[in-house]
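Okay, structure first, notes after.
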Amino acid sequence: MNIIKKFRNGINNSLLNSFSRREKREVLIFFVVLMMIFAVSLIIRLFDDHTPPTLDSETTDKLAALDKRFIELREGDTLSRLDRYIVQRYDTLQLFDFDPNTVTTEELLKLGFTEKQAGNLSRYRENGGHFREPDDLRKLYGMRTMQYKILKPYISIAGATAASGNKKSDNKKRENKDFHDSKTADTPSKTAAKEYFDFDPNTITDEEMQRLGFSEKQTQSFINWRMKGKKFYVAKDFASAYCVDEKRYKELEPYIKIDLQKIFGSNKMLDLNTSTDADLRSLGLTTDEAMKIIDFRNRVGYYFSNWQIEDALPNKKRANELKANFYVCASVEIQKININTAPLDRLETNPYFTPDQATKIVNLRENQKFTSMEDMKNTGLFSDKILKRLANYLVF
């Protein structure tokens, strides 16, 4: 009784002394309820065995997938605004295999290149640049890292080896904005047996291509190439097709029969690289014109385009009139010049070098080695027009 009395006296003498009797009762009830909650919580913990719930494998896999997707989304959030734009834009494009050494400007635009990027690539090739492995495309001015990552699986460089990083698992598909490999290898045609028969590469059909042993993909690639304007004037032109290697060309060469009449109609046309003086005069050219065309061909090391007749004849108007009467085929290999080793007189022979330019190049290479057309441009000796022509004749 003395203890209770002391406790009551203590309460009365405390800060609660200013409270009314009713308020004191409410405070007491509050503390009692708080102690009861604490006691119940303690009892629950004592009787809980802490055993986690058991999940079946399907639920576990779903949770793991959700966790992975969450991580991917978080990584996506870290992309820059430009990279997110690139990913979203490429999600709307239908990509395809391409060779940066031969791809056209139209195809580049379909592959998501901007007009400026496509122009940079074209100028690089015109100045003698060549892509030897997929990673070379990464160095193209204006190429974004994210854009290159998306395009890399589709880069197919003719002649590149697996060691150069040009391993392909063929076509790629994209699902849910992710890219996944899904293409089978380019297997030979499934026809029962390979057949041999005479054919004209200018008119051969899909079915005939596959009868010759070409796969569906090779056939489609060839037909698309031809639809873009490719013409075959002599048998060797067929060897320049991407799907025709040296072994296959030798195998099919006896069966290639080209009808030039179907290409030219009633108009007589001549190959600039094989026409004789008599051939040229048969088209109405003067002896002087024929001599200039043949002399230019000998000095330059064969024509690479029929418009070069404008470089061979001083009368540009006359050259433009004659241009439509000529074509250039792949039957003759252009004679290249090694810019680092060719003697002075060899450089002077090429009509795209002046004697002064040839001399200065020989002097410059004593202290430096030319490795690309960019090096030639940096000399300041040549106009862009001449550099585009020289790119077809120089090797480094």
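Bear in mind that the values in this text are calculations on the coordinates, not laboratory data. Small disclaimer: the values here were computed from a predicted structure and weren't measured. Neighbour counts run over all protein chains shown; Cβ positions are idealised from the backbone, glycine included.
Data for the structure
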read-out: Net length gained if the chain between E251 and T92 were fully extended (0.36 nm per residue, minus Cα distance); value: 53.0 nm
read-out: Amide H partners (placed H, <5 Å) of D271, local residues excluded; value: Y327
read-out: Proximal charge balance of Y141 [Cβ under 10 Å; K/R count +1, D/E count -1]; value: +3
read-out: Computed FRET value (nearest 0.05) for E216 with E366, which takes r as the C-beta separation and R₀ as 41 Å; value: 0.15
read-out: R0 of 35 Å, Cβ-Cβ distance K194-V395: FRET efficiency to nearest 0.05; value: 0.40
read-out: Mean Cβ neighbour count within 10 Å, used as a protection proxy, ranking 131-140, 332-341 highest first; value: 131-140, 332-341
read-out: Long-range tail of P(r) for the stretch 337-395 (Cα pairs > 16 Å, %); value: 33 percent
read-out: Extension gain (nm, one decimal) between N320 and D345, 0.36 nm per residue minus Cα-Cα; value: 5.9 nm
read-out: Given K231/K262; K217/K262; K262/K292, the pairs whose alpha carbons are separated by over 18 Å; value: K217/K262; K262/K292
read-out: Rounded, prolate or oblate (a/c below 1.5 giving rounded, otherwise prolate when a/b exceeds b/c) for the stretch 206-264 by Cα gyration tensor; value: oblate
read-out: In order through the stretch 203-218: 3J(HN,Hα) via Karplus (6.51 cos²θ - 1.76 cosθ + 1.60), integer Hz, x for Gly, Pro; value: 10, 4, 8, 4, 4, 5, 4, 6, 5, 7, x, 7, 6, 4, 5, 4
read-out: Order by protection proxy (mean Cβ within 10 Å, highest first), peptides 365-371, 309-315; value: 309-315, 365-371
read-out: Whole-number percent relative contact order across the stretch 270-327, with pairs defined as alpha carbons under 8 Å at least 6 apart; value: 38 percent
